[in-house]
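The values are calculated or read from the model by the stated rules, or taken from the named source; none is laboratory data. The model shown is predicted, which means the values in this text are computed figures rather than measured ones. Using ideal geometry, Cβ is built from the backbone for each residue, glycine included, and neighbour counts are taken over all protein chains shown.
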């Protein structure tokens, strides 16, 4: 009994829920206008005959029966699909003198009837494709001809080599030509097929996809653009000694992705071109003349004018120091235990090694100061306690006794101390390594020794 009650409740709920749908299905696409007062069987028969004639001319309504009573059309039977069922109200509602429509037609479940329209559509489309094959062949041939012409033009060497500053830019020109001819061939092929409207859809989709890819590979695109700009600007040459983002080395090559340096330790340093393009670049090799600076600390009671003159004459007398620009000397700062004097000299980088020249200048100036009795004190720290005042005074006295004990003989230091070899042998060895590296992968290099300077 309880089960029966539950079944009745569920049935009532389903009926109540489906009632509005049934009402709306019957009320959709109903005829509009006034209803005539007069009614006749001849008129109903004429309406039914007209509706049957219409349905016989349409596919999918072979099993539909039509009855008319007082202008009310009742439709029963099955149709091919739900869209055909819904279209019945529209068709019947256009027949004159139809008062109302009761559409009781249902969608058929017969497999054969459901498959027949699909088979007919497939057959029609197959025939359409076969009819289009000759036209499609002409379109494909035109597309292939245009593309082959574009690739042939892009493969030429002379025009692009003359227009482009380097091989990298020439390759970009070739890629642009290829893409332009591919797009032109596609437009011609679609025009032959009469589907030029499809081109805007393809280009729009390609633009959206390209934008999405551009955001996804933003760093790669930025690096590629930086490679183009660097290959045009060429802020350095092969074998130049440069500093980029704190990395110092000799330039090996510039590729489409990175700038490769050879450090003084013989290690490869690969820096992305986007970083190189945005960074501060110090090129030590652009000018042949380069200045070195050395620091010399002297005691506070030293004759500073004499010490500066001695240091200047020592540096100026070095064989690898050039006359123009002239050497210079100045007092840099007053330190905790010494006065710091800086001496600068200039060398020619293709003849002398910078590090060796600075090292020799330091060594000979220290020898000159020692020979002249000029003390270069070490930095010392004294801890003074309560009972160590006397000891501290004694230490200060002994320090003063050490100063100035030797006679000035700076004029003869050059004859007593030999000058070391500062030839640019180390630089030449590094240059040889760089040249070997460049010879192995010459095709990947975007740098040119004869390119215009930035």
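Annotations
- Being modelled with pLDDT of 85 or more and either under 30 Å from residue 276 (Cβ atoms) or outside any helix (DSSP H, G or I) (or both) is true of residue 179.
- Here residue 318 fulfils each of the conditions (1) modelled with pLDDT under 85; (2) assigned by TED's automatic domain parsing to the domain that holds residue 295; (3) more than 49 Å from the chain's Cα centre (by Cα) apart from (1).
- Pick from region 261-272, criterion in contact with a strand residue (DSSP E or B) (Cβ under 6 Å, 6 or more places away or on another chain) and in contact (Cβ under 8 Å) with a residue 24 or more places away in the chain, ranking: surrounded by the most Cβ atoms within 10 Å (Cβ to Cβ): 262
- Out of 212, 184, one residue alone is more than 27 Å from residue 446 (Cα to Cα), assigned to a helix (DSSP H, G or I), touching a helix residue (DSSP H, G or I) at 6+ places or on another chain (Cβ under 6 Å) and free of Cβ contacts under 8 Å to residues at least 40 places away in the same chain. It is 184.
- Entry remark, region 103-119: residues being surrounded by fewer than 16 Cβ atoms within 10 Å (Cβ to Cβ) and at pLDDT 80 or above number 3 in total.
Residues are listed down the side, and each one gets a yes or a no for (1) surrounded by 13 or more Cβ atoms within 10 Å (Cβ to Cβ); (2) in a helix (DSSP H, G or I); (3) at pLDDT 85 or above; (4) out of contact with any helix residue (DSSP H, G or I) (no Cβ under 7 Å at 6 or more places or on another chain):
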position: 38; (1), (2), (3), (4): no, no, no, yes
position: 50; (1), (2), (3), (4): yes, yes, yes, yes
position: 66; (1), (2), (3), (4): yes, no, yes, no
position: 76; (1), (2), (3), (4): yes, no, yes, yes
position: 90; (1), (2), (3), (4): no, yes, yes, yes
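- Subset tally (residues that are surrounded by fewer than 17 Cβ atoms within 10 Å (Cβ to Cβ) and at pLDDT 90 or above) for region 349-365: 3
- Candidates 289, 324, filtered to the one that is modelled with pLDDT under 90, within 30 Å of residue 232 (Cα to Cα) and surrounded by fewer than 14 Cβ atoms within 10 Å (Cβ to Cβ): 289
- Test: residue in region 301-311 that is touching a strand residue (DSSP E or B) at 6+ places or on another chain (Cβ under 8 Å), at pLDDT below 90, outside any helix (DSSP H, G or I) and surrounded by 14 or more Cβ atoms within 10 Å (Cβ to Cβ): yes
- Residue check for residue 203: free of Cβ contacts under 8 Å to residues at least 24 places away in the same chain and assigned by TED's automatic domain parsing to the domain that holds residue 143: yes
- Taken over region 211-250, the residue count meeting the criterion of being buried (at least 17 other Cβ atoms within 10 Å of the Cβ) and more than 24 Å from the chain's Cα centre (by Cα) is 8.
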